[in-house]
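Student: Encoded as structure tokens, here's the structure I'll be asking about.
Coordinate-derived values only; no laboratory data. Nothing here was measured: the structure is a model prediction, and the numbers come from that model. Cβ: placed from backbone, ideal geometry, glycine included. Neighbour counts: every protein chain shown.
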Amino acid sequence: MQNVLLHLMLQCGLWSLMAIGGNTVALGDIHRYAVTDMRWVSDTQFVAFFALSQALPGPNGMFLIFIGQHVAGIPGALVTLAAKLLPCSALTWFGAGWLEKHSATPWVQLTKRALMPVSIGLILAASYILISSLEQSRLSLLLLVLSALIVCFSKLNAIWLILSGVGLGLLSAGFDMNWF
């Protein structure tokens, strides 16, 4: 158990520092480590934890806490929470003042512009991982495309789509119909 807690602490601390601006940029590495390398969770569990964390209020990286709890119970959740919040909070605390003072310098502006395509690429990679982790029936792919179109072309809050998906999943399970 101590070995698992150490792994959780180190990895979540690294992801915390890597994920400046949100955990979505680190999602690919989190998936690789938690699903492929350590086999702590399945693809389905990973997607479910991520979707649930997006629907709940709180930090963007709440799904890491779900993984920690799944792997090592309450101690895993607490270690994951501390490792997720402390490094990025310390970096923000110490770096924000410096960055504010130097934000007009050309090399800071250049660095910000250079990191934008990297962040976009990592977010697209995370989207690909989440989509390929889904069970790919025709109905689930249709719902995925329909949801993406609704998010892109309407002002409907995505939480309603998430709640609708939860409702459809519960309805499907309740009637033992396996729609998805």
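Student: At 0.36 nm per residue, minus the direct Cα-Cα distance, what do Leu156 and Leu52 gain on full extension? Give it in nm, one decimal, please. Before the final figure, lay out each step's value.
Tutor: On the way: separation 104, 0.36 × 104 = 37.44 nm, distance 1.86 nm.
Fully extending the segment from Leu156 to Leu52 adds 35.6 nm.
Student: Determine the gain in length on full extension of the stretch Met177-Ala148; use 0.36 nm per residue of separation and subtract their C-alpha separation, reporting nm with one decimal. Don't skip to the answer; put the middle values down first.
Tutor: Numbers: separation 29, 0.36 × 29 = 10.44 nm, distance 2.47 nm.
Difference between extended and current length: 8.0 nm.
Student: Let me ask something else about it. Taking only DSSP H segments of four or more residues, each worth -39500 (n - 2.57), what value at 222 nm results for the chain once the sum is divided by all its residues, to the nearest 500 deg cm²/dmol?
Tutor: Working: 7 runs with 137 residues, N = 180.
After summing the helix terms and dividing by the residues of the chain, the value is -26000 deg cm²/dmol.
Student: OK, next. Please state the relative contact order of the chain as a whole percent: Cα pairs under 8 Å, 6+ residues apart?
Tutor: On the way: 136 pairs, mean separation 45.6, N = 180.
Taking the mean separation of contacting Cα pairs over the length of the chain, I get 25 percent.
Student: Still on this structure: With the chain treated as a Gaussian network of Cα nodes joined by springs under 10 Å, which of Leu14, Leu56, Leu115 yields the largest mean-square fluctuation?
Tutor: Largest GNM mean-square fluctuation: Leu115.
Student: With N residues in the chain, what two-decimal value do you get for its Cα radius of gyration over 2.2 N^0.38 Å? Show your work: numbers first, answer last.
Tutor: On the way: Rg = 18.4 Å, N = 180, 2.2 N^0.38 = 15.8 Å.
Here the answer is 1.16, to two decimals.
Student: In addition: Be a star and scan the range 159-180 for residues whose amide nitrogen sits under 17 Å from the point 7 Å along the Cα-to-Cβ vector of Leu141.
Tutor: 179-180
Student: Continuing with this model, one more query. What residue among Thr92, Thr80, Thr105 has the largest mean-square fluctuation in a Gaussian network model of the chain, using Cα springs under 10 Å?
Tutor: It is Thr105.
Student: Let me ask something else. Under 1.5 on a/c is rounded, so check that first for the range 110-180, then, if it is not, pick prolate when a/b is larger than b/c and oblate when it is not; a ≥ b ≥ c are the square roots of the alpha carbon gyration tensor eigenvalues. Mind dumping the intermediate values first?
Tutor: On the way: a/c = 3.17, a/b = 2.06, b/c = 1.54.
Cα axes put the range 110-180 in the prolate bin.
Student: How high is the FRET efficiency from Leu115 to Leu170, r the C-beta distance, R0 41 Å, rounded to 0.05? Before the final figure, lay out the partial values.
Tutor: Numbers: r = 40 Å, r/R0 = 0.98.
According to the calculation, E is roughly 0.55.
Student: Please find, in a Gaussian network model of the chain (springs between Cα atoms separated by less than 10 Å), the residue of Val35, Val166, Val108 whose mean-square fluctuation is greatest.
Tutor: Among Val35, Val166, Val108, the largest mean-square fluctuation in the Gaussian network model of the chain belongs to Val108.
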